[in-house]
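Okay, so here's the structure we're looking at.
The values are calculated or read from the model by the stated rules, or taken from the named source; none is laboratory data. Being a predicted model, the structure only gives us computed values, none of them experimental. When we count neighbours, we look across all protein chains shown, and the Cβ atoms used for this are built from the backbone with ideal geometry, even at glycine. Only protein heavy atoms, including side chains, enter the accessible area calculation; ligands, DNA and RNA are left aside. Shrake-Rupley method; radii C 1.70, N 1.55, O 1.52, S 1.80 Å.
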Amino acid sequence: MKVRIKFFAILRERAGTGEVSKEIADGSTVADLWRQLQRDFPKLDVPGIRLLYAVNKDYVGLEHKLSDNDEVVFVPPVSGGR
């Protein structure tokens, strides 16, 4: 099955792109996809990084099972303000 992945902020910089499509195995979870992306884009392999995950605009956990044509967004931590 195929999913579309979007990266924001520092993840976009590290991946060198804002969006990719990827073929993944049936039954894959967000965690499985993240591990594959870290292999494809080694600069994403940041120990201890805390992310938020959204599938089709709904926040989900790492164990969420993906479906064909899902849009997966990885949201890095946000800093700033006062």
Practice task
Sort out which residues of region 1-31 are assigned to a helix (DSSP H, G or I), touching a helix residue (DSSP H, G or I) at 6+ places or on another chain (Cβ under 7 Å) and either within 13 Å of Val72 (Cα to Cα) or open to solvent by 30 Å² or more (accessible area, probe 1.4 Å) (or both), and write them in order of number.
Solution key: Arg14
Practice task
Inspect region 17-39 for any residue being among the aromatic types (Phe, Trp, Tyr) and out of contact with any Leu (no Cβ under 9 Å at 6 or more places or on another chain) and give the result as yes or no.
Solution key: no
Completion exercise
Restricted to region 37-75 and to residues being surrounded by 16 or more Cβ atoms within 10 Å (Cβ to Cβ) and part of a helix (DSSP H, G or I), the residue modelled with the lowest pLDDT is Leu44
